[in-house]
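Notes for the one structure printed next.
The values are calculated or read from the model by the stated rules, or taken from the named source; none is laboratory data. Predicted, not measured: the structure shown is a model, and the values here were computed from it. When we count neighbours, we look across all protein chains shown, and the Cβ atoms used for this are built from the backbone with ideal geometry, even at glycine. Just so you know, the surface numbers come from the protein's heavy atoms only, side chains and all, with ligands and any DNA or RNA stripped out. Shrake-Rupley method; radii C 1.70, N 1.55, O 1.52, S 1.80 Å.
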Amino acid sequence: MKSFYVWYKKHITFAIFAGLVLGILTGLFLADRFAPVLTVTNLLGGIYMNALNMMIFPLVFCSIIMGIASIGNIRTTGKITGSALLYFIVTTALASFMGLIIPRLIHLGRGVQFEMAASDIEATQFTSILDTLKSLIPSNPVAAFSNGNMLQVLVFAVITGFALISIGEKGEPLLKVIDSLNELCLRVISVVMYFTPIGVFCTIVPVVEANGTATILSLATQLIILYLAFFGYAFLVYGLSVKVLGKVSPFTFFRAILPAALNAFGTCSSSATIPISKQCVEEELGVSNKISSIAIPLGATVNMDAVSILMSFMIMFFANACNITVSIPMMIIVLLANVLLSIGTPGVPGGAIASFAALATLAGLPAGVMGVYISINTLCDMGATCVNVIGDLSCCVVLKEKLDVN
C-alpha cells in the first residue's frame, strides 16, 4: 500500500492528464448515450469542487497572515506585493497588445455564421475607480468570505497580519491558532489533491457533453486559434520570464507546474487551484512560502492576462461575424473596462459571462451573441484559467530570484 502511495504521488501529473483525456472522450461519446454517467460525474465533480472550495479562503487568509508574520516587517511584505503587481501589470499590457493586434491581422470571425439566441444574462455594472478602491476594505469580513470576494479577503488578511505584528507578544496566541488552522487547511488540501484525477474527469465530462460535437466542431477553427494564442503567449512570455529573470529552465518550470495547470484547465477555477499551485512552486521549484502565500492569491485575483486575450478575441470574432466595425480606440476602451471588471471577481467557472455581456454592449454587439458565447464560454475559460495560473506561478519563480526572501 505504501509503495502504491509513493508511486501514485510521483506520477500524479500523468494521472491528472489521463483523467482529462478520458473525461473529454467520455463527454463526446458516452455521456449522451448513457444517462447515469452524467449523473455520477455531476455528483462526484460537485463533491470535488466543494472539497477544494471548502478550504480556499481559510487557506488564503491564514497563509497570508503567516507569511507576513514570518517576514516580520512591512518593508519586505510591501516589496513582494509591489513586485508581484508590477509583474502582473507588465504581462497584462503584453497580453492586451496581443489581443488587439492578432485578431485584426487574421480577420478573426470573418465568414463565420451562427444562429443567435436571446439571453437573459445581466451585464456586470461598471464602477468608478473610487468605488473600486472603496470596496477594497470589507465592511463585513464574514460577508467577504461567504460571498467569495477574494480581493477583500486579501486586504483583510494583510490588515490582520500587520496588526498582529504591531501588538507583539499579545498577538502570539492568535498567531499560533492561525498557524494551526493553516496546517489543517494544508493537510485537508493535500488529501483532496490525491483525488484530482477523478475530480478533473468528472468536471470535464458535463462540459463536453453540454456543448456537444456539433457546437465544438462548428467553432473548432476559432477555438484552435484562440488556444494557439493562449499557449503561444504562455510559452513565449512566461517561458522567457522564468528563463531570463528567474534563472530557471522553461522545461523544468512547465514540468513542475503541470499538475496546477491541468487542474486549472479541468476545473476552470484559479481560486480552486491555489493550494495545488502553492504545492508545485514550493516543493518542486523551491519558492519560499513567504512569496507564494502573497503572490499566488494576489495573482488569482488581479492577474487577467489570458482574460484580456480572450475578451479581445471574442469581441473581434463576433464583430466580424456580424459585420460590425470595432475601431482600435474602442478596443482599447473595451480592454481597459475589462481590467476594471476583472479586479476582485472570484476566480470561479463562468465568472467572465457577465463581464462579457457588459463589454459586448460597450462594443455595440447585438444581444444575441450572448447565446453563442455562453455555449462556448467554458471551452474558452478552461484555456484562459490555465494560462492565468501559469502566469501566477511564473511570477513566483521570478520573485524568488529577484528578491532576497528566504
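Ranking ILE101, ILE224 from most to least accessible surface, computed with a 1.4 Å probe over the protein chains only, gives ILE224, ILE101.
At the residue level, GLU183 shows approximately 100 square angstrom of accessible surface with a 1.4 angstrom probe and all protein chains present.
When the listed pairs LYS79/LYS170; LYS243/LYS290; LYS176/LYS243; LYS79/LYS176; LYS79/LYS247 are checked against a 31 Å cut-off, the alpha-carbon distance exceeds it for LYS176/LYS243.
Each pair of Cα atoms in segment 136-287 enters the Kirkwood radius, and Stokes-Einstein at 4 °C and 1.567 mPa s then converts it into a translational diffusion coefficient of 68 µm²/s.
For the modelled label position 7 Å from the Cα of LEU362 along Cα-to-Cβ, which residues of segment 306-337 have backbone nitrogen atoms closer than 11 Å? The answer is 312, 330-337, whose backbone nitrogens lie closer than 11 Å to the label point.
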